[in-house]
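Please treat every number below as a calculation from the coordinates, not as lab data. Because the structure is a prediction, the values reported are computed rather than measured. In this analysis, Cβ positions are derived from the backbone assuming ideal geometry, glycine residues included, and neighbour counts consider all displayed protein chains.
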Amino acid sequence: MASAKSWCLIVRPEFVMPKLLGIVNCKRALHVLLLTASLQACAGGLESLELFLKTAHSGRAIFSQVVTPPVKAGQTARSKKSSGVFAFIRPTRFRFDYQKPYPLTLVADGNMLWWYDVDLAQVTARSQTQALSSSPAALIATASDLASLQKEFHLQEQSETDGLQWVQATPKMRESTVQSVRIGLRVDGGVANLEKLDILDAMGQRSVISFEYFEANPKNLSPSQFVFVPPKGVDLVKQ
């Protein structure tokens, strides 16, 4: 029987080196994967928001909204729930189509902001520029990067909660109708998806909007879907 020493002598280098190199390459690949995962795990809210703004040029999602008014002493909070479909194309178009409990439509077409109350048969129209500068919509649908947001908002990174990266935005404009907005994003595979908006308005009313089935950059979403024409017979109020 050949000794262990003789076995070592008859093993040729060209058979050994590829295996060793393979092991080294696997270790390197594993190191890269672990490093990437570590960087994603360490990414904070501001990095996640920047990623969302730069990569989601358009989007569509199903949303549900819970609105809770401020509670007075001795009263119980009564929340109102609604749901519908949300879509946007940066930097000037978005729409909320409320379907439940009753139909409402909010559309920004690039020039005007339209609010259509079907039950009241009334359409309200406002200049989009004046209405949206420091609104929650600017945070998710119209801004293209953090720099543009920071012109209108103070942005503060918050701790991760429920697997979401959070940023709190406070309007710089004192007369804003909003006190603060918290934006919750989930980062998965290098993609940041919008999941929650937690809005506190100037009157102390809280609105929490949750987004499901968010689709970034859908191919069949076009500017024509953000054109709004007031239906015949409705009252038109311009502000």
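Counting 0.36 nm for each residue step from LEU46 to GLU157 and taking away their Cα separation leaves a gain of 39.4 nm. Multiplying the residue separation of HIS57 and GLN99 by 0.36 nm and subtracting their alpha-carbon distance yields 12.6 nm.
Between LYS172 and VAL191, the simple spin-label model (points 7 angstrom out along Cα→Cβ) gives 3.4 nm. Taking packing as the residue-averaged number of other Cβ atoms within 10 angstrom, the listed peptides 101-107, 230-236 run from highest to lowest as 101-107, 230-236.
Here r is the Cβ-Cβ distance between VAL237 and ASN111 and R0 is 22 Å; the resulting FRET efficiency, rounded to 0.05, is 0.85. In nm, to one decimal, how far is the MET203 label point from the GLN179 one, both placed 7 Å along Cα→Cβ? Going from the MET203 label point to the GLN179 one covers 1.4 nm.
Between segment 67-98 and segment 147-226, the alpha-carbon centres lie 13 Å apart. Here each label is just a point 7 Å from Cα along the line to Cβ, and for LYS72 and ARG126 those points are 2.6 nm apart.
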